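Each value in this text was obtained by applying a stated rule to the coordinates, not by laboratory testing. Bear in mind that the values here come from a model prediction, so they are computed numbers and not experimental data. All Cβ positions, glycine included, derive from the backbone under ideal geometry; neighbour counts span all protein chains shown.
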Amino acid sequence: MELKFTVAGRIAKPVEDVFEAVVAPERLSNYFTTGGARGRLETGAEVTWDFHDFPGAFPVLVQEVVTNKKIVLQWETAKATATWTTVTMEFSPLEDGRTLVRISEFGWPETEAA
């Protein structure tokens, strides 16, 4: 069985603002990568994300960026497994000026512990 999930939420900002808050490292560091993000998310880039709760920079491989629409990236699940998951973020403008963001992730290895 493939392990995957999708979550979605609405953000009370225009799609351009929401998208930029994800691709710009200085903005992403304010709310997600609490230990800092290094490198702008652009197709083909390798950037790093650091989290206070999990010290040490995580490499992030950016597969595709479509401005204001989609970001596809990969990051390692755990150094011991050498397995990478794929994350897709989709940004959709809503009629009321908000943005719908959908985030999907898949690729975890199956283990005995599930």
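Quick look at the values:
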| quantity | calculated |
| --- | --- |
| Candidate set from the range 75-90 (those that are under 12 Å from the mean Cα position of the chain (by Cα) and touching a residue at least 24 places away in the same chain (Cβ under 8 Å)); member that is farthest from PHE5 (Cα to Cα) | TRP75 |
| Residues within the range 13-36 that are touching a strand residue (DSSP E or B) at 6+ places or on another chain (Cβ under 9 Å) and within 17 Å of MET89 (Cα to Cα), tallied | 16 |
| All strands (runs of 3 or more DSSP E) inside the range 14-114 with 1 or more residues being in contact with a Phe, Trp or Tyr (Cβ under 9 Å, 6 or more places away or on another chain), surrounded by 15 or more Cβ atoms within 10 Å (Cβ to Cβ) and of a type in the set (Phe, Trp, Tyr) | 46-51, 54-66, 70-78, 83-93 |
| Within the range 67-95, tally of residues that are over 23 Å from ALA45 (Cβ atoms) and in contact with a Lys or Arg (Cβ under 9 Å, 6 or more places away or on another chain) | 2 |
| Count - residues of the range 35-74 that are touching a residue at least 40 places away in the same chain (Cβ under 8 Å) and either of a type in the set (A, V, I, L, M, F, W, C) or in contact with a Gly (Cβ under 6 Å, 6 or more places away or on another chain) (or both) | 2 |
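Okay, residues lined up against (1) β-branched (Val, Ile, Thr); (2) over 20 Å from GLU105 (Cα atoms); (3) out of contact with any Cys (no Cβ under 9 Å at 6 or more places or on another chain):
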{"residue": "PRO25", "(1), (2), (3)": "no, yes, yes"}
{"residue": "LEU28", "(1), (2), (3)": "no, no, yes"}
{"residue": "TRP49", "(1), (2), (3)": "no, no, yes"}
{"residue": "VAL72", "(1), (2), (3)": "yes, no, yes"}
{"residue": "GLU76", "(1), (2), (3)": "no, no, yes"}
{"residue": "THR83", "(1), (2), (3)": "yes, no, yes"}
